[in-house]
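S.K.: The structure that follows is given in the form of C-alpha cells.
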Amino acid sequence: MSKENPRGLPDSADPVAPAGARTAADHAFGVEEQVLVELRRIIRATQLNAKQLARETGLTTSQLVVMELLKNEGEMTPRAIARSMNLTQATVTSLLDRLESRGHLTRTRGERDRRTVHVTLTPQGQSQLANAPESLQQRFLKDFRELESWEQHTILASLQRLAHLLDAASLDAAPVLEIGSLTDHRGQDN
C-alpha cells in the first residue's frame, strides 16, 4: 500500500493511484481485461477464504454466518434466519441440520405453539465461533463501513451494473461471500 493509497487497495486497482504505481501487467491489459482480472481476484479470494475456514474450523461460510447471526440475535426461528440471510427455508434447514449434528446449536419446540421451532447456539457452538478466524466477509464489512458514503454507493452502483452485464441481476443471492451454491442437489450444505 502506498502513501497515496490510504484505502488499502492495491495501487493497480486504485483509481487515484499515480500512473507510475501501476504494475507491468496493468499496462499489458486493456480496461476490459483488467476488469476480468479483478473479478477473478475476488472469486479467488472468496474460494481461498472458504477453504481456509473449512480447514481450520470444519465450517462453511454459510454455517459461520448462521452461527454469528444466532450469537448476535439470540434465539431465532428458522424462518427468521432464512429472512435475515435471504435464503429459502429448505436451505436454512439443511444448514441447521449440519450445525445441530455437530453440536453447535439446538432446536426446541415452542411451549405455546409446538409448530414453532426455536434455534439457539450451544456452549460448544459459542466456543467454536469464538475460535473461528475472522472471515473474508467480516474483514470486508469492517473495511467497507469505514469508507465514505459516496464511495460505498459508487461501489454498489458499479457492482449492480456489473451484475446486469453478467445477466446475474435477477438471481437470488444471500449476503454471504461464498462460492457455489449453499446446498447441493440433495440439500446437503457445501
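S.K.: Can you tell which of T108, T91 is touching a Ser or Thr at 6+ places or on another chain (Cβ under 9 Å), over 27 Å from R44 (Cβ atoms) and either at pLDDT 90 or above or not charged (D, E, K, R) (or both)?
M.R.: T108
S.K.: Something else now. Considering only the range 59-118, how many residues are outside any helix (DSSP H, G or I), under 19 Å from the mean Cα position of the chain (by Cα), in contact (Cβ under 8 Å) with a residue 12 or more places away in the chain and surrounded by fewer than 16 Cβ atoms within 10 Å (Cβ to Cβ)?
M.R.: Going through the range 59-118 one residue at a time, the tally reaches 1.
The values are calculated or read from the model by the stated rules, or taken from the named source; none is laboratory data. This one's a predicted model, so the numbers in the text were calculated from it and none came from an experiment. Virtual Cβ from ideal backbone geometry, glycine too; neighbours counted across all protein chains shown.
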